[in-house]
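Colleague: Pasting in a structure now, in structure tokens, and then I'll have a few things to ask.
The values are calculated or read from the model by the stated rules, or taken from the named source; none is laboratory data. This is a predicted model, so every value here is computed, not measured. Cβ placement follows ideal geometry from the backbone for every residue including glycine, while neighbour counts extend to all protein chains displayed. Areas reflect the complete protein model, heavy atoms only, side chains present, ligands, DNA and RNA absent. Shrake-Rupley method; radii C 1.70, N 1.55, O 1.52, S 1.80 Å.
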Amino acid sequence: ASLRPSAPGVKAWRMIARKKRRIVLLGPPGSGKGTQAVRLAQKLGIPRLSTGDLLRDHAKKGTRLGRRAEPYMARGDLVPDEIVLAMVAQQLDEEAYRDGYLLDGFPRTLPQAEALGHMLSQRGQAIDLVVDLEVGARESLRRQLGRLVCSRCGASYHEFFQPSRELMKCDICGGGLVQREDDRPAAILERLRVHEEQSRPVLDYYAGQGKLRTVSGGGDVEGVFSKIEEVLAKEEG
């Protein structure tokens, strides 16, 4: 039987959650970062901030920042740091974020990391911990290649991890399942290349501050979450 790290008990988790933290969760495409971020934020009782969700929310509401970001989003281009950082600063000023939060996949670049550090220092704050989910390029490619969406209702599936009951047909509406253009091998490899190029300086930046902890993103969702729990427990110890 495979051995899995024992997760902190209820008492340990209460101690961990009591100390509200400012945590960054990073990882390459296909690392499962989004899934783990949602679970971790819920477990710690802190809000999760995803810049992707933030951008879509501003665009949907038609805010001033949303209107500035929309042309870039429509073209599929990266939204300039100035706009993203302004959105993040606005969000972090809200009462819900006062005592801690989880940043999901942000900062993505070194300029963003440096700007975030400056922004927080002006508030008398700092990032407490950065957790990087490490997944090899081959595994990341496999995970992303298996993603499928319903051509009719948009429901999401995965060929290996969440297959539909009937081959290539949606369980909800019966529509055909397709692979998105941005989940084709060439697009995935380009995303991985860009991520590696941009993330290495960010990881070095936080490692230099003694805040970086690396967790293997291999294995199932529960196993990876247990590893993250262990990292948090050690920080408290």
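One line per residue, one yes/no per condition, for (1) of a type in the set (S, T, N, Q); (2) farther than 25 Å from Pro28 by Cβ; (3) modelled with pLDDT under 95:
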| site | (1), (2), (3) |
| --- | --- |
| Tyr72 | no, no, yes |
| Asp77 | no, no, yes |
| Pro80 | no, no, yes |
| Ile83 | no, no, no |
| Gln91 | yes, no, no |
| Gly100 | no, yes, yes |
| Leu103 | no, no, no |
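Colleague: Looking only at region 62-100, filter to residues that are in contact (Cβ under 8 Å) with a residue 24 or more places away in the chain and of a type outside the set (A, V, I, L, M, F, W, C); which one of those is nearest to Ala115 (Cα to Cα)?
Modeller: Asp81
Colleague: Give the residue that is nearest to the chain's Cα centre (by Cα), with candidates limited to residues of region 61-106 that are among the polar types (S, T, N, Q) and open to solvent by less than 90 Å² (accessible area, probe 1.4 Å).
Modeller: Going through the qualifying residues, I end up with Gln91.
Colleague: Give region 50-109 a look and list any residue that's among the small types (Gly, Ala, Ser) and either touching a Gly at 6+ places or on another chain (Cβ under 6 Å) or in a helix (DSSP H, G or I) (or both), or say none.
Modeller: Scanning region 50-109 gives Gly52, Ala59, Gly66, Ala69, Ala74, Ala86, Ala89, Ala96.
Colleague: Now for a different question. Would you point out which residue out of Gly223, Gly208, Gly219 is free of Cβ contacts under 8 Å to residues at least 24 places away in the same chain and over 20 Å from Gly146 (Cα atoms)? Walk me through how you get there before you give the answer.
Modeller: Values: Gly223 fails: free of Cβ contacts under 8 Å to residues at least 24 places away in the same chain; Gly219 fails: over 20 Å from Gly146 (Cα atoms).
After ruling out the rest, the residue left standing is Gly208.
Colleague: Going by the conditions given, is Ala137 within 20 Å of the chain's Cα centre (by Cα), at pLDDT below 90 and under 22 Å from Gly27 (Cβ atoms)?
Modeller: yes
Colleague: Of everything in region 29-48, what is modelled with pLDDT of 90 or more, over 9 Å from the mean Cα position of the chain (by Cα) and either surrounded by fewer than 19 Cβ atoms within 10 Å (Cβ to Cβ) or assigned to a loop (DSSP other than H, G, I, E, B) (or both)? Give them in sequence order.
Modeller: Matches in region 29-48: Arg39, Gln42, Lys43, Gly45, Ile46, Pro47.
Colleague: Continuing with this model, one more query. Return yes when Gln162 is open to solvent by 60 Å² or more (accessible area, probe 1.4 Å), closer than 26 Å to Gly27 by Cβ and within 25 Å of the chain's Cα centre (by Cα) and no when it is not.
Modeller: Judged against the criteria, Gln162 is a match.
Conditions tested, residue by residue: (1) touching a residue at least 12 places away in the same chain (Cβ under 8 Å); (2) more than 25 Å from Phe106 (Cβ to Cβ); (3) open to solvent by less than 80 Å² (accessible area, probe 1.4 Å).
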| residue | (1), (2), (3) |
| --- | --- |
| Val131 | yes, no, yes |
| Arg143 | yes, no, yes |
| Leu148 | yes, yes, yes |
| Asp171 | yes, yes, yes |
| Leu189 | yes, no, no |
| Leu212 | yes, no, yes |
| Val215 | yes, no, yes |
| Glu235 | yes, no, yes |
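Results for (1) among the acidic types (Asp, Glu); (2) modelled with pLDDT of 85 or more; (3) within 22 Å of Phe161 (Cα to Cα), shown as yes or no for each residue.
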{"position": "Arg180", "(1), (2), (3)": "no, no, yes"}
{"position": "Leu189", "(1), (2), (3)": "no, yes, yes"}
{"position": "Val194", "(1), (2), (3)": "no, yes, no"}
{"position": "Gln198", "(1), (2), (3)": "no, yes, no"}
{"position": "Val202", "(1), (2), (3)": "no, yes, no"}
{"position": "Ala207", "(1), (2), (3)": "no, yes, no"}
{"position": "Gly219", "(1), (2), (3)": "no, no, yes"}
{"position": "Gly223", "(1), (2), (3)": "no, yes, yes"}
